[in-house]
Amino acid sequence: MATSIYTKVDASSNRVLITASTAVGAFYAIQSLLAAGKFADRLFQIPEMLIKDEPRFEYRGLQLDFGSNRCHGDSSETKCLKPQLGSGPFQDTSGSGFYSVEDYREILRHASSLHIQVIPEFDMPGHSFAAIKSMELRYIKSTIGKQKNDSNGQQRKNLPWKSSTEFLLSEFGDNSSYMSVQHFKNNSMNPCITSTYTFIHHIIKSVKKMHEDIQPLKMFHYGGDEVPNEAWSKSPACKKLIERDLNIKDRQGLKKYFAKRVFELLETEDLDIGAWEDGLMDIYGYAWQNVWEWNRAHIAYEMANNNYKVVLGHATHLYFDHAQEPNPEEKGLYWATRYTSMRKTFGYLPDDLFGNADYKITGDAIDLQEICQDG
């Protein structure tokens, strides 16, 4: 339901009237009122005004990337998982540091006080280098510990010997070798082994528990994007799965199989599902690939026409990690566009995606005929 707001400042009666259809609306009406006022002679002065407002779109969000590749919060690449959400205990590089469970819960409490819904993202099966390595190390430590235990003839309790393979995300004997676009080697969870889904379900339940007494989790974003082409190409388990399941013929089929399994896990926890457009099946789709030269901006329209719930997150106008101006000394990325300024962001046209076409990555002006010819 849209949150409608009516705010009136009447100087003649010396009163302020705020009417809203929801508590969230009343909260934000007060924020607008405070923003319009100013202090003068120790008094807070508000101009006479009448505001009638409501959100233009159901979903409005800001994604915070506290990882190396993606509040929606992505916590997958180069980071430890539960009980830590982050990239490790060291603080001597830009990629270090982590959120403890209590840190995350503090974020939830503050977000709730501002009527902000937090949507966690754990990007998978790609972007999972740290998770894969962590589970491999867990297995190695458990194996070494078990060998020591056996050699000493001692009985040790509460050690995970029987479950050392329980959360493995990689397969022994998989000789696939590949690099992600962010230059991580072999960074994709294996979708063909049971332990991958045991791990994922554990993560979902753990995050859900962190939310339950503060802001009950409603949506889980599983990423699904940028899986390298050579992932699982030499996986014995995937070869067997393809031979056994006639619906799976190739890597794309394996991605669909993975997505289906993840959807089933999220459905058991009664959660809505989010994913990037290249990880889509039947969920909220986050459209980002509108680099004009790629001729893929039309995908957002295709998703909407096929009844997906589409979230527009187009890289050319809405990614703040790009250069802020077209100057060679300006820091920032430039894979999607030559620059992204605040003017471009606030000038973004969600109802006319191709109306946003301005410049190529090179800085050359866009020829609409050129980018629309395949549309």
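The values are calculated or read from the model by the stated rules, or taken from the named source; none is laboratory data. This one's a predicted model, so the numbers in the text were calculated from it and none came from an experiment. Neighbour counts are summed over all protein chains in view; Cβ atoms, including those assigned to glycine, are modelled from backbone coordinates with ideal geometry. For the accessible areas, the whole protein counts, side chains as well, though only heavy atoms, and no ligand, DNA or RNA atoms are used. Shrake-Rupley method; radii C 1.70, N 1.55, O 1.52, S 1.80 Å.
Summary table
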quantity: Long-range HN-HN contacts of Met49 with modeled amide H, under 5 Å; calculated: Val9
quantity: Under Karplus coefficients 6.51, -1.76 and 1.60, residue-wise ³J(HN,Hα) of the stretch 49-60 in Hz, glycine/proline x; calculated: 6, 9, 10, 10, 8, 6, x, 6, 10, 5, 10, 9
quantity: Karplus-derived HN-Hα couplings along the stretch 20-25 (A = 6.51, B = -1.76, C = 1.60, θ = phi - 60°), whole Hz, x at Gly and Pro; calculated: 9, 7, 9, 5, 4, x
quantity: Coarse-grained scattering of the stretch 164-205 at q = 0.19, 0.34, 0.35 Å⁻¹, given as base-10 log I(q)/I(0) from a Debye sum over alpha-carbon atoms; calculated: -0.63, -1.12, -1.15
quantity: Rounded FRET efficiency, nearest 0.05, which uses the C-beta distance separating Leu137 from Lys240 and R0 of 25 Å; calculated: 0.40
quantity: For Tyr99, distant residues with modelled amide H under 5 Å away; calculated: Leu85, Gly86, Ser87
quantity: Scattering curve values for the stretch 1-55, log₁₀ I(q)/I(0), Debye with Cα scatterers, q = 0.13, 0.22, 0.23, 0.27 Å⁻¹; calculated: -0.33, -0.81, -0.87, -1.07
quantity: Fraction of accessible area attributable to carbon and sulfur, the stretch 223-327 (%, probe 1.4 Å); calculated: 46 percent
quantity: Calculated FRET value between Ser233 and Val24, using beta carbons and R₀ = 51 Å, to 0.05; calculated: 0.60
quantity: Sequence-distant aspartates and glutamates (8 or more away, or on other chains) whose Cα lies within less than 15 Å of Lys331; calculated: Asp321
quantity: Estimated FRET transfer efficiency (Asn307, Arg105; beta-carbon r; R0 41 Å; 0.05); calculated: 0.70
quantity: Point-to-point label distance, Phe44-Lys8, nm (Cα→Cβ direction, 7 Å offset); calculated: 2.2 nm
quantity: Relative contact order (%) - the stretch 208-313, alpha-carbon pairs under 8 angstrom, separation at least six; calculated: 25 percent
quantity: For the stretch 293-345, average projected area of the Cα convex hull in nm²; calculated: 4.2 nm²
quantity: Percent of alpha-carbon pairs separated by more than 20 Å within the stretch 253-375; calculated: 50 percent
quantity: Percent of alpha-carbon pairs separated by more than 18 Å within the stretch 177-264; calculated: 51 percent
quantity: Surface per residue (accessible, 1.4 Å probe) for the stretch 192-318, Å²; calculated: 47 Å²
